[in-house]
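> Below is the structure I would like to discuss, written out as structure tokens.
The values are calculated or read from the model by the stated rules, or taken from the named source; none is laboratory data. On a predicted model such as this, the values are computed, not experimentally measured, just so you know. Please note: Cβ atoms are built from the backbone with ideal geometry, for glycine as well, and neighbour counts cover all protein chains shown.
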Amino acid sequence: MEQLTRSLAPARTSHKSAVAGSGGEGAGSVTKRLSNELMTLMMSSSPGISAFPKSDANLFEWAGTIEGAPSTIYAGLTFKISISFPPNYPYAAPMIKFDTPCYHPNVDISGGSICLDILQDKWSAVYSVQTILLSLQSLLGEPNNASPLNPDAAHLWNSPEEFKAQLMRYYRPINDEGSA
Amino acid sequence: MATEALKRQIAGKWQNAFARLNRDQEGITGLLAFSEAWALATEFLHPRDLNGSMANKELDMVKVRLAVETLSKSKMLPILLENFLEDMRKQQYLITRDVNQFMLQYEETEDVHHIARLVYRILEWYRAWVPITELGHTILSAYTLTFQTHVYSILPPSFSRGFKKLVNATFDLAQSPVPPPWLPPTPPALQSPVPPPRPDLPLWSAFEQLGLLDRYESLISSVCYEHIEAHILETCSKRWGERMLQPLREWMTNRIVPWMVMPYARGARSAEEARSMLQGVGSRFDFHVCKTLSDLRTREIFDIIIDFPDSQPALEDLKECLQRVDQRTQLVQTLRKANRKRLLHPGADTKDILTQYVSIIRCLRLVDPPGVLLFKVADPIRRYLRERPDTIRCIVASLVGDGESGDSLVDENEPIQPLQQMQVEDYTDPSWEPEPIDAGPDFRTNKPSDVISTLVSIYDSKDLFVRELQVLLAQRLLAITDGNFDRERRNIEILKIRFGEAALQVCEVMLRDMTESKRTDQHVQSQKHMMLHPTIISRHFWPPLQAGKFAMPGQFKLIQDDYAREFHSFKQDKKLRWLPHLGTIRLEIELQDRTIPVDVPPLEAAFIELFSEKDTWTVDELIARVGSVDRSAAIKSLTTWVDMGVLKEEISNQYVLLEVAEDGSSVSTGGAPPRPARVIEEVSAVLTVEQQQAEQMRVYWKFIEGMLTNLGTLPLDRIQTMLKFAPGYDRTIEQLGAFMEAARREGLVTVANGMWKLSRT
């Protein structure tokens, strides 16, 4: 009998703590969501996209990598991005910018900020790091030239040779940067 | 030139000497009497040749005594002694001649008989030359000393050897009622009116009179030690079934103690006195008995342990001996060495190692209840077992009492008790005792606990066991076909007592799944009668099962879907996911000329179902139809049918259905060429713990790949800390290092200056 109650006791407390964790809007649930997303991202082997927390102490700052999709003008190029999650994620969109200079109609060439609807007004909590990365990958090949952040790039988009030349002028391959 | 004073001085001296020798007799009569007495005494004392005449014995003893008295009065005894000793020295060559002669004979024949005769002969010399007692004790002892000094100086080294043999022979002599023929007749000097009660008595008294007992004391005791050793080796070797120490002590009392009376308690006037004289030397010999026995048992300890419990008496002996002699270190070392040589090598079965380990536990607990010996011996075994991959499996199998694995490690009669944790010392316990003196620094006072607790404690945590238990239980449950789970239920109940309820909750769920499936099946069957009886398990609680990736074709698929529909209507919130490779199917194959009833695994059934569509299939076609199957698995199941004479391999990799049985092919002993025996491999349905770990490592690799892609190069410790993002990561940095090293060999990563980097492809 004694054994029975003892074995029951920890089960009850652990249950309670689980309830508290999901009920409160604390950092705990965000962390849990982020680690779930990390797990999903690691296990789904989507080619050309990847991301990982920058340090083991802070789950809110990630580094990402996007490879240009084959048969687009960005094929063979690799871009580094930083992802910064707000404390109220996933109710607000993460902040994303390119670390590698990216000559693209919707990307600010000097600051790296991105104009993408799902990162602004169209954000929804059902999106995840993976969907964002996939969207960014497809944005590279299919820019939205209607609302350009880089009008020069938008202007050149229809003449691939010139665009490619500009792109390569700005592009810096990421080699041996050392650990972030 | 002499002065007056000198003359007076000489005259005074002369007067003194004269007065002393003349003893106030008249004239010089005293002087005359003295010189007569001197002549008589020296004549009497003169050492004679034994081989010559014995004339001196004929002298009148009364006269001799008178003469000695006269000399004594004249204070001339010291001079007489000097004179006598000088004479002895002159005559010594006689003895030397005799001794050399006897030793020569002995060296030729190696017969102790000559030594005995030599001893008697020397004694005769001794008796012949001994001065009479009236000369006083001083002269007698001076004589003895001179005589012995001389004799010892001429005895050759081979005498010690012969003497040892002779002493050894006295063990038998002491027991025999009549003197054996080799023993020389007792010399007259030692003869007594009553014949000696034992034939060895004259020898011993000869030894004593010649001082051999003192001189050869250590030799005599070494003879006794060797005698004891030989007896113990002869009577106790390999006899472990009975207590030997008590019989040995009785043997000592009956055989050795009477013998010991001679060399060690001669001259005791009563039994009481003899006992007190023997006490010291007796306990020395008793110690030797214990030491010899414990040495013997120590040498045999490995086999004794193998024989346990039949050898329990031997262990009790050992325990008693160890209390008397301190041979514990030797025991530990010998056993450790034997274990290393005979047990802890790749050729030994884990099961055997465990059995022997358990026996060692039981045996050493018996010998040394505090467990110090056990701790020292067990340590290497435990470390070795920890490295064996199948140790846990073996322990777990014996936990649930695997019937077919022979004798169980666990004594059936032992009460089942919860696993014992390491206990902290309870100093308030009135019966607390300090750690034994030879306990090592890391000795843990584990109170005598049961065997299973000890085995489980080989590993640091019992979680490993629980996980392995689940795997084992899953295998056993899936193997049960008759729906009788009583045995498993009983096992789980036993294990609950040991590991606690909480640890076995998962097992409980697994067991309930089995009964629950039966009930669900009954319900579904009551709705619609179906041939399929699935076992429905909760994926979450079961260890990962081998994934079967093929799909059942044809009518099987229909049955499955049918069942799934019924199930879904019964349990709305649940979904069936089929594991088609598990289970058996009873088929009746109707062919043109025959009907074959058969029980087969699902893959076989799937293939034969396909043959009902068309008669000829290639292996590749078949595999394509059922989904992804191992080619070897596919060929194996096709071979099953070929063996039954249902299919035939027409050309390589192409099979054809035999609607009409071929002659001889259905009878396997017929003319058909002998097929290589089918390799029946038991494919385990459940992933083993190792496989699970490998599976986990694949997950961790994804994480490593992810972090190296995004963060560039990282040192090993960063990787280790970052891996905490991976759920359930519990590897040590050493394991990770080994894993990374393996990845490097496969060309997945490179390392420079301790920084790891993905190889760019």
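> Would you pick out the residues in region B:260-276 that are part of a loop (DSSP other than H, G, I, E, B) and either surrounded by 12 or more Cβ atoms within 10 Å (Cβ to Cβ) or modelled with pLDDT of 75 or more (or both)?
Answer for region B:260-276, where residues must be part of a loop (DSSP other than H, G, I, E, B) and either surrounded by 12 or more Cβ atoms within 10 Å (Cβ to Cβ) or modelled with pLDDT of 75 or more (or both): B:A265, B:R266, B:A268.
> Right, another one. Within region A:43-63, is there a residue that is modelled with pLDDT under 90, within 11 Å of chain B (Cβ to nearest Cβ), closer than 24 Å to B:Q720 by Cα and assigned to a helix (DSSP H, G or I)?
Scanning region A:43-63 turns up at least one residue that is modelled with pLDDT under 90, within 11 Å of chain B (Cβ to nearest Cβ), closer than 24 Å to B:Q720 by Cα and assigned to a helix (DSSP H, G or I).
> Which of the residues that make up region B:723-750 are small (G, A, S) and more than 10 Å from chain A (Cβ to nearest Cβ)?
Across region B:723-750, the qualifying residues are B:G728, B:G737, B:A738, B:A742, B:A743, B:G747.
> Of everything in region B:198-212 that's more than 14 Å from B:M260 (Cα to Cα) and not in a helix (DSSP H, G or I), which residue is farthest from the chain's Cα centre (by Cα)?
So the residue we want is B:L210.
> Separate question: Just one of B:L736, B:L708, B:L716 is touching a helix residue (DSSP H, G or I) at 6+ places or on another chain (Cβ under 9 Å), of a type in the set (A, V, I, L, M), more than 21 Å from A:W62 (Cβ to Cβ) and in contact (Cβ under 8 Å) with a residue 40 or more places away in the chain; which is it?
Residue meeting the stated conditions: B:L716.
> Filter region B:692-722 for residues that are outside any helix (DSSP H, G or I) and more than 7 Å from chain A (Cβ to nearest Cβ) and give the result.
B:P715
> Just to be sure before I move on: is B:V257 surrounded by 14 or more Cβ atoms within 10 Å (Cβ to Cβ), in contact (Cβ under 8 Å) with a residue 24 or more places away in the chain, within 30 Å of B:Q312 (Cβ to Cβ) and β-branched (V, I, T) in the structure I sent?
So B:V257 fits the description; yes.
> Only one of (1) crowded, with 20+ Cβ neighbours inside 10 Å; (2) in contact with a helix residue (DSSP H, G or I) (Cβ under 6 Å, 6 or more places away or on another chain); (3) farther than 15 Å from A:T65 by Cα fails for A:S128. Which number is that?
Failed condition: (1).
> Can you pull out the residues in region B:560-586 that are out of contact with any strand residue (DSSP E or B) (no Cβ under 6 Å at 6 or more places or on another chain), polar (S, T, N, Q) and not in a helix (DSSP H, G or I)?
The one that is out of contact with any strand residue (DSSP E or B) (no Cβ under 6 Å at 6 or more places or on another chain), polar (S, T, N, Q) and not in a helix (DSSP H, G or I): B:Q572.
> Could you list, in sequence order, the residues of region B:306-346 that are of a type outside the set (V, I, T) and in contact with a Cys (Cβ under 6 Å, 6 or more places away or on another chain)?
If the condition is that a residue be of a type outside the set (V, I, T) and in contact with a Cys (Cβ under 6 Å, 6 or more places away or on another chain), then B:F308, B:L315, B:C321, B:R324 are the ones that fit.
> Has region B:700-712 got any residue that is surrounded by 14 or more Cβ atoms within 10 Å (Cβ to Cβ), modelled with pLDDT under 85 and under 45 Å from the mean Cα position of the chain (by Cα)?
The answer is no, given that none of the residues of region B:700-712 is surrounded by 14 or more Cβ atoms within 10 Å (Cβ to Cβ), modelled with pLDDT under 85 and under 45 Å from the mean Cα position of the chain (by Cα).
> How many residues does region B:723-757 contain that are part of a loop (DSSP other than H, G, I, E, B) and within 30 Å of A:K32 (Cβ to Cβ)?
7
> Take region A:95-104 and flag every residue that is surrounded by fewer than 20 Cβ atoms within 10 Å (Cβ to Cβ) and either part of a strand (DSSP E or B) or not charged (D, E, K, R) (or both).
If the condition is that a residue be surrounded by fewer than 20 Cβ atoms within 10 Å (Cβ to Cβ) and either part of a strand (DSSP E or B) or not charged (D, E, K, R) (or both), then A:M95, A:K97, A:T100, A:P101 are the ones that fit.
> Kindly indicate whether any position in region B:241-251 is touching a Phe, Trp or Tyr at 6+ places or on another chain (Cβ under 9 Å) and of a type outside the set (D, E, K, R).
No: region B:241-251 contains no residue that is touching a Phe, Trp or Tyr at 6+ places or on another chain (Cβ under 9 Å) and of a type outside the set (D, E, K, R).
> With respect to B:S637, is the statement that it is modelled with pLDDT of 80 or more, crowded, with 16+ Cβ neighbours inside 10 Å and either closer than 27 Å to B:V471 by Cα or polar (S, T, N, Q) (or both) true?
yes
> Let me ask something else. Going residue by residue through region B:719-729, is there one that turns out to be of a type in the set (D, E, K, R) and at pLDDT 85 or above?
No.
> Same structure again: Just the residues that are under 12 Å from the mean Cα position of the chain (by Cα) and of a type in the set (D, E, K, R), please, taken from region A:50-100.
Within region A:50-100, A:E61, A:K80, A:K97 qualify.
> Next question. Can you confirm whether B:R586 is out of contact with any helix residue (DSSP H, G or I) (no Cβ under 8 Å at 6 or more places or on another chain), within 23 Å of B:I536 (Cα to Cα) and in contact (Cβ under 8 Å) with a residue 12 or more places away in the chain?
Spelling it out, B:R586 is indeed out of contact with any helix residue (DSSP H, G or I) (no Cβ under 8 Å at 6 or more places or on another chain), within 23 Å of B:I536 (Cα to Cα) and in contact (Cβ under 8 Å) with a residue 12 or more places away in the chain.
> Just the residues that are buried (at least 16 other Cβ atoms within 10 Å of the Cβ) and modelled with pLDDT under 85, please, taken from region B:730-742.
The one that is buried (at least 16 other Cβ atoms within 10 Å of the Cβ) and modelled with pLDDT under 85: B:R731.
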